[in-house]
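What follows is calculated from the coordinates using simple rules that are stated; it is not laboratory data. Just so you know, these numbers come straight off a predicted model, no measurement behind them.
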Amino acid sequence: MNTAGKALLAAGVATAVAVVRRRRRTPQDQSADRWLAVTVYRSPEEVQSSLPDDLARWRDQVELRIQPATGDKGTELRVKPTGEVPAHELRLALRRAKAVLEAGEVVRADTAPTHPGPMGKVLQLVTNRAGGGGRL
């Protein structure tokens with residue numbers, strides 16, 4: 001085996017180890033005690049009076065805090081799960097709530113034309129799930 005092959009094998013093993021470690025984490029390790037927060041460019045009174053349905057439906061299963069953001073930059077909307085709320089769903093609800101409060105609707109990007117084959121379907125699946133991860 002040449003040097004390039006060994007390097008590729010080592011990278012594959014390192015990736016597999018990282019994936020296994022990540023999957024072994026319990027849900028408590030990932031987000032049980034973490035607050036999710038977004039800053040909305042609206043006053044706290046406006047946010048309180050017009051909480052979007054995406055977030056309001058979780059109201060009995062989350063701890064919700066609505067407070068002024070630092071530096072008069074709007075309102076900080078914080079949620080922490082207290083019941084059986086999927087973190088992915090809660091993140092999506094926060095993103096949608098921010099979009100509705102600021103723009104009046106959830107703006108979606110145009111879908112890119114993809115090949116209808118297996119790789120196109122994989123790309124579409126990854127794109128659809130991407131909204132629940134990353135920064136809020």
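Computed from backbone phi with θ = phi - 60° and the Karplus coefficients 6.51, -1.76 and 1.60, the 3J(HN,Hα) list for region 60-72 is 7, 10, 9, 9, 10, 10, 10, 9, x, 6, 5, x, 6 Hz; x is used for glycine and proline. Annotation: average projected area of region 1-103 is 9.6 square nanometres, based on the convex hull of Cα atoms across all directions. The H on the amide N of Gly74, modeled in the peptide plane, is under 5 Å from the matching H of Ala69, each at least 5 residues off or on a different chain.
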